[in-house]
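The values are calculated or read from the model by the stated rules, or taken from the named source; none is laboratory data. Owing to the predicted nature of the structure, the values given are computational and were not obtained by experimental measurement. Neighbour counts are summed over all protein chains in view; Cβ atoms, including those assigned to glycine, are modelled from backbone coordinates with ideal geometry. All accessible areas refer to the heavy atoms of the entire protein, side chains included, with ligands and DNA or RNA removed. Shrake-Rupley method; radii C 1.70, N 1.55, O 1.52, S 1.80 Å.
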Amino acid sequence: MLTFLVYIVLTIFLLGFLSRLFVYARSPAPLKIATTPAPVTRLGVAWRLLTELLFFNSLFKADKLAWAGGLAFHGAMAVVLFRHLRYFIDPIPAFFGPLQIIGIVAGIAMAAALGFLLLRRLVFERVRYISSQADYGVLFLLLAIAMSGLLMDFVLRPNIVAIKTNLMSMWSTVTGLPPLNSAGDVVFLLHLLLVAGLLVIFPFSKLMHAGGLFFSPTRNQVDNPREKKHVNPWAES
Amino acid sequence: MADYHVPPVEDDIKTPSLKIGTMAHLAPYPATAKHMDPMGFPGERVENWQEKGIEKLGELLKKYRSLQVYLDICVKCGACTDKCHYYLGTQDANNMPVQRAELMRSVYRRYFTPAGKLFPKLVNATDFDEETLNKWFTYFHQCSQCRRCSVFCPFGIDTAEITMAAREIMNAIGVGHKYSVEIIGKVHQLGNNLGIPKPALKGTLEFLEEEILDSTGHDVRLPLDQEGADVLLVAPSADFFSEPHIQSLMGYAKVFHQAGISFTISSYASEAANFGMFIGSYDQQKKIAKRVVDQARALKVKRLVVGECGHAWRVAYAFWNTLNGPLDFLDPRYPAPQHICEFTHDLLKRGALTLDKEANDPYRVTFHDSCNVARATRMGPNPGGQFEIPRELIRAVCNHYVDMDEETVREKTFCCGGGGGLLTDELMDLRIRGAQPRVTALKRVMESDKVNFMALICAICKAQFTKVLPMYGIPMEMVGGVHQLVSNAIQLGANKGVV
Ligand code: HEM
Ligand code: SF4
Ligand code: SF4
Ligand code: SF4
């Protein structure tokens, strides 16, 4: 049963995410609309996007609190995700040993940053005004994922070895539920279901910002309209 | 004069608390069949406007990546909420960029996303109904397409793109804005926004030649429709008739004269402005811009130079090549098109101009970066040249220059409050309030540095400021073009040009 769920969820996520990216990639950009000053070379544009991705440059100019909270959350999430590879790789490469502690710190940081973002949304008048139920929903969902993860780290440890065996065999055979012998095992199931929920809504929500950034014409265009004729694919000449 | 609300100007730009609907009453005058018909737009609101509007939105989503991506990916971080001059000046929640965009986004969700179809309440999806259309008509005409929000958004979401799309959708269902549509009609009829016919234009140019002769003793020409000139000068038509614009026009003429480069103005393409951009119409932009390129060919010029106009320079710099290019019939040694500031700056560097800075000694000057120039174009080969070249020019022609608060210049510049097709009397209340951030920064340098002249390079900015600054108790003589200062300082006949 869980096998089917996992397969269905992964299919929805991957197909959904890729098809959205496909829609973005396929839709034409008729005119040059880079927000200037903009790089005048391809390499410059790659650098602009990379710094936006890694440091949220524009957000830094705009709002220091959102920037700090956002960067902390995304950075911590990236580390946490990376650490999760240990549950999918066998045998576990040696460098995951020292990473363990960093991963746990990142987990705490992620939950704290999410809490901060939530607080920010509730406290600041303008941000509160623009927030929909869905905006809170995603934050709560991520917070629940982070908290259930931390709960397993600190309080209710599930039988990780059994779970990993169970999950790893999933790629080749149909397995049942992972073992449910302790409260920790139940928390794990909950954690898994929440992640499944996140993956399902991903392609249909603002979470698409994760791929969309790279298709934003104001950021990804080279500023060279005079030097090189930019062709509008749908123009009738 | 009507009773306008002039917001208080404090020492610094402050983000006000939010209010609902302070500007809900201020919709622009609708266009009538007389204006809409020649444009190919329905003369009145079509019967099945909802269906047609949604259909048009669907069409635009397939034509504009910007629209498709920007409607999808806003994370509601709120970083843009205090970046719009119209929000700062009006406190109206719908003038926060994200909320303005939300007016379209909520419709987009309702009809184009599974979440909005299934759970409209959860994700804030709304029907495209009468109330929504009213809000669209009101608030998409309270955006000057200045792109300040796009500078600060972590994804570069450009609300101007959404405003343009909204206006295009509204035009497609027969709900147009009189001001913009009427002006475009004039361009097609007479070649310029002001509707100046050729004889009047000729008369003005001759008058200006006499004026320059009287004041300087030099025979500076302002030729019209002269085939075989080196340069076709395309200026905003306000330069021919309005103060202080006309001072810059004389400045351009003096620069050409002094450099010994022949130029001509065209009566058929006597307009650099292109309101096709304001209404989001690719076809209109192309049609309007085509007049210029056609004239450049017909008059057999080698170069195209664009006068002081913000959005015109955006269309020329960023779009002409795409719309009607390639411009490969022009002299490849020069950028095509070239901004008048680039042109003059280049001559300056080559030593073709003799300038007497002291002629501008009565002025203590600051510079307003016009947003379209600042955030949508470039001058010279390097990013940011659009900031440095005009400043270098100003510094070369006057002794006292100071920048305004760095949070309000260069890429962070504040719009004058009248751009994007809003320079119309019925929107005066909005225009006054939208100018407040710029006025705040200006007043500061007026006090701290005794600034008494704000130079700029946009016809709309000039018109807007001369009208609105007096309401803030600042004399209208405070504003003028960069080439007005050049005009004052240039020494005619001193050491005549290099080419
Ligand atoms: C390419 C990768 C990504 C980039 C560049 C990126 C960037 C950003 C930025 C700049 C913000 C605004 C910051 C803020 O609100 O404080 C943001 C918000 C957000 N991101 Fe991402 N993100 C990425 C991937 C993801 C992923 C994979 C997720 C979730 C699974 C995610 C979830 C969120 C959420 C929930 C918010 C809203 C935060 C709030 O409500 O305040 N992001 N993202
Ligand atoms: S483009 Fe300018 S006027 Fe329009 S919403 Fe953005 S900041 Fe405001
Ligand atoms: S800054 Fe960009 S992502 Fe953030 S709320 Fe504004 S438009 Fe949305
Ligand atoms: S009128 Fe001037 S300041 Fe206002 S939008 Fe246009 S260029 Fe910007």
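In segment B:358-465, which trypsin sites (Lys or Arg not before Pro) fall in coil by DSSP and have 11 or fewer other Cβ atoms within 10 Å?
Working: sites: B:ARG364, B:ARG375, B:ARG378, B:ARG391, B:ARG395, B:ARG410, B:LYS412, B:ARG431, B:ARG433, B:ARG438, B:LYS443, B:ARG444, B:LYS450, B:LYS462; in loops: B:ARG364, B:ARG378, B:LYS450.
Here the sparse-neighbourhood loop sites are B:LYS450.
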Worksheet item: How much accessible surface area, in Å² rounded to 10, belongs to the heavy atoms of B:ASP294 with a 1.4 Å probe?
Response: 50
Worksheet, complete the sentence: Note: the protein assembly as shown, point scatterers on Cα, Debye, no solvent; log10 I/I(0) at q = 0.06, 0.07, 0.10 Å⁻¹ equals -0.40, -0.53, -0.98
Item to complete: Pop out the ³J(HN,Hα) list for segment A:141-154 in order, Karplus 6.51 cos²θ - 1.76 cosθ + 1.60 with θ = phi - 60°, rounded to Hz; leave Gly and Pro as x.
Response: 4, 5, 5, 5, 5, 5, 5, 5, x, 5, 4, 5, 5, 10
Practice prompt. Check cross-link reach from A:LYS228 to the lysines: straight Cα distance under 27 Å, and skip same-chain residues fewer than eight apart.
Written response: A:LYS32, B:LYS62, B:LYS63, B:LYS286, B:LYS287, B:LYS290, B:LYS300, B:LYS302, B:LYS349
Worksheet item: What base-10 log of the normalised intensity I(q)/I(0) is obtained for segment A:2-217 from the Debye formula, alpha carbons as equal point scatterers, at q = 0.09, 0.19 Å⁻¹?
Response: -0.46, -1.57
Discussion item. Can you compute the FRET efficiency between B:ASP405 and A:SER182 using 1/(1 + (r/R0)^6), with r the Cβ-Cβ distance and R0 = 60 Å? Round to the nearest 0.05.
Written reply: 0.45
Practice prompt. Please work out whether segment B:33-176 counts as rounded, prolate or oblate from its C-alpha gyration tensor, where a ≥ b ≥ c are the square roots of the eigenvalues and a/c under 1.5 means rounded, while otherwise a/b larger than b/c means prolate and anything else oblate?
Written response: oblate
Discussion item. Which trypsin sites (Lys or Arg not before Pro) in segment B:107-215 sit in a loop by DSSP (not H, G, I, E or B) and have at most 13 other Cβ atoms within 10 Å of their own Cβ?
Written reply: B:LYS121
Practice prompt. Report the accessible area of A:PHE116, computed with a 1.4 Å probe over the heavy atoms of all protein chains in place, in Å² rounded to the nearest 10.
Written response: 80
Discussion item. Could you tell me the center-to-center distance, by alpha carbons, between segment B:362-440 and segment B:171-185 in angstrom?
Written reply: 28
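Going through segment B:1-71, which trypsin sites (Lys or Arg not before Pro) have at most 16 other Cβ atoms within 10 Å and a DSSP loop state?
Numbers: sites: B:LYS14, B:LYS19, B:LYS34, B:ARG45, B:LYS52, B:LYS56, B:LYS62, B:LYS63, B:ARG65; in loops: B:LYS14, B:ARG45.
Sparse-neighbourhood loop trypsin sites (Lys or Arg not before Pro): B:LYS14, B:ARG45.
How high is the FRET efficiency from B:ASP449 to B:LYS14, r the C-beta distance, R0 25 Å, rounded to 0.05? Kindly include the intermediate steps, with their values, before the conclusion.
Details: r = 22 Å, r/R0 = 0.87.
My answer for the efficiency is 0.70.
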Item to complete: Keeping all protein chains in position, work out how much accessible area A:MET1 exposes to a 1.4 Å probe, and write it in Å² to the nearest 10.
Response: 140
Fill in: Overall form of segment B:324-448 per C-alpha gyration tensor (a/c, 1.5; a/b vs b/c)
oblate
Practice prompt. May I ask for the distance between the Cα centers of segment B:242-314 and segment A:1-38, given as a whole number of Å?
Written response: 42
Discussion item. Return the unpartnered cysteines for chain B, using a Cβ-Cβ cut-off of under 4.7 Å.
Written reply: B:CYS74, B:CYS77, B:CYS84, B:CYS143, B:CYS153, B:CYS309, B:CYS341, B:CYS398
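Stretch B:ALA33-B:ARG45 to full length: gain in nm at 0.36 nm per residue minus the Cα-Cα span? Walk me through the intermediate numbers first.
Numbers: separation 12, 0.36 × 12 = 4.32 nm, distance 0.99 nm.
Roughly 3.3 nm would be gained on extension.
Rounded to the nearest 500, what is the 222 nm mean residue ellipticity of the protein assembly as shown from helices alone, with -39500 (n - 2.57) per DSSP H run of 4+ residues and division by all residues? Before the final figure, lay out the partial values.
Values: 34 runs with 387 residues, N = 736.
Result for the protein assembly as shown, helices only: -16000 deg cm²/dmol.
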